[in-house]
Amino acid sequence: MQEQKSAKSILNILYLVLIILCLTIIAGLYINSQHKKIRDAVRLESLKQIKMLIELYRLEFDGLPENQTKDEWDRSFNLIDQSNTLFQNLKQIFFESNIADPANDNNFHYRYHKFQKGEYGCDKTFAIFQVTSFENEIKNIGSGSCPHRDFTKEAPNGFTIQWFE
């Protein structure tokens, strides 16, 4: 009789532990999804600010910001030395903090490049800015293409902005 009560108590404790474990997993998944939404909201706000800053730069200096590196993209995350090479010239003129994606890693970062007239078949000098990816699916991916290159395809769940001089 005593053994049955002991076995029943152990079984009840295991059920309780299982229920607590399941609730913990569900809560963790919910919190993670909320953090993804928050990081995406930060990306959208950064996108608006960067667009405004580049427009201000164009008005003040009659052209698009130059590249900071000789790489194809100036990035908020650099694979080689993990430094931020994005918009150092804008930083000196308009604001004091670095612009970087909330995750700022190989999959989630910002990038910019000013291309010269004739590159990829475009008739004018142009620049591309991209949020390389959002964590949740987005419907509006922006626009940016030339006859020989569609930049939106390089960031299919990101956002692309293109400016022409």
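The values are calculated or read from the model by the stated rules, or taken from the named source; none is laboratory data. Just so it is clear, the model here is predicted, and its values are computed rather than measured. Cβ sites come from the backbone with ideal geometry, for glycine too, and all protein chains shown count toward neighbours.
Details
- Meets criteria (out of contact with any Cys (no Cβ under 7 Å at 6 or more places or on another chain), at pLDDT below 90 and loosely packed, with under 10 Cβ neighbours inside 10 Å) for residue 4: yes
- Residue count, the range 122-149 (criterion: surrounded by fewer than 13 Cβ atoms within 10 Å (Cβ to Cβ) and within 19 Å of residue 102 (Cβ to Cβ)): 2
- Boolean, residue 33 is farther than 19 Å from residue 102 by Cβ and either in a helix (DSSP H, G or I) or of a type in the set (Lys, Arg) (or both): no
- Residue within the range 150-164 that is over 30 Å from residue 39 (Cβ atoms) and crowded, with 18+ Cβ neighbours inside 10 Å present: no
- Restricting the range 57-78 to residues that are more than 22 Å from the chain's Cα centre (by Cα) and outside any loop (DSSP other than H, G, I, E, B), the residue that is surrounded by the fewest Cβ atoms within 10 Å (Cβ to Cβ): 59
- Every condition in (1) touching a Pro at 6+ places or on another chain (Cβ under 9 Å); (2) at pLDDT 90 or above holds for residue 111 except the one numbered (1).
- Flag for residue 67 being of a type outside the set (A, V, I, L, M, F, W, C), touching a strand residue (DSSP E or B) at 6+ places or on another chain (Cβ under 9 Å) and at pLDDT 75 or above: yes
- Residue count for the range 26-48, restricted to those that are at pLDDT below 90 and of a type in the set (A, V, I, L, M, F, W, C): 4
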